[in-house]
Amino acid sequence: MRQVRSENTKPELIVRKLAHRLGYRFRLHRRDLPGKPDLVFPGRRKIIFVHGCFWHQHSCKRGARKPSTRTEYWSAKLDKNVARDKAVIRKLRAMGWGVMIIWECQTNPAKINRLAGRITRFLDKT
Ligand SMILES: [Zn+2]
């Protein structure tokens, strides 16, 4: 089993490459911030998390999939992830950071232009 907050996952690499290509510069996994955010844009005070649909329970098909064994263990674990995500976002917003979540399913190559638009709107918004 993969780690819950594994770094350098493929969707994350797609988002990094895209943000870079759009001309934005960022820092990675800043440990001094709650949740160790995936991409941090310090000058803009913006943060992007790239979330796996299953691990972070996205409301999509992949997020709705439930393991068929050890169901109690898994639902407790996944509920904990969701609660942690919420707490982290709340903390960061209270510190004045803008937070955007990009889901794994949104990094699909067929949807990359739409994603680029979302990233630009989010990062350019003051
Ligand atoms: Zn999803």
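Annotation for the stretch 8-16: at least one member residue is part of a loop (DSSP other than H, G, I, E, B), at pLDDT below 95 and not charged (D, E, K, R). Only residues that are touching a residue at least 24 places away in the same chain (Cβ under 8 Å), assigned to a helix (DSSP H, G or I) and either within 15 Å of the ligand (Cβ to nearest atom) or touching a strand residue (DSSP E or B) at 6+ places or on another chain (Cβ under 7 Å) (or both) were counted across the stretch 90-108, and they come to 4.
Inspect the stretch 33-48 for any residue being assigned to a loop (DSSP other than H, G, I, E, B), within 16 Å of the ligand (Cβ to nearest atom) and not charged (D, E, K, R) and give the result as yes or no. No; the residues of the stretch 33-48 include none that is assigned to a loop (DSSP other than H, G, I, E, B), within 16 Å of the ligand (Cβ to nearest atom) and not charged (D, E, K, R).
The single condition among (1) in contact (Cβ under 8 Å) with a residue 24 or more places away in the chain; (2) surrounded by fewer than 15 Cβ atoms within 10 Å (Cβ to Cβ) that D85 does not satisfy is (2). Checked against the criterion of being surrounded by fewer than 19 Cβ atoms within 10 Å (Cβ to Cβ) and within 18 Å of P11 (Cβ to Cβ), the candidates R121, R30, R65 yield just one match: R65. Checked against (1) away from the ligand (no atom under 16 Å from the Cβ); (2) closer than 15 Å to G35 by Cα; (3) touching a strand residue (DSSP E or B) at 6+ places or on another chain (Cβ under 8 Å), H51 passes all but a single condition, namely (1).
The values are calculated or read from the model by the stated rules, or taken from the named source; none is laboratory data. These numbers were taken from a predicted model, which means no experiment stands behind them. Using ideal geometry, Cβ is built from the backbone for each residue, glycine included, and neighbour counts are taken over all protein chains shown.
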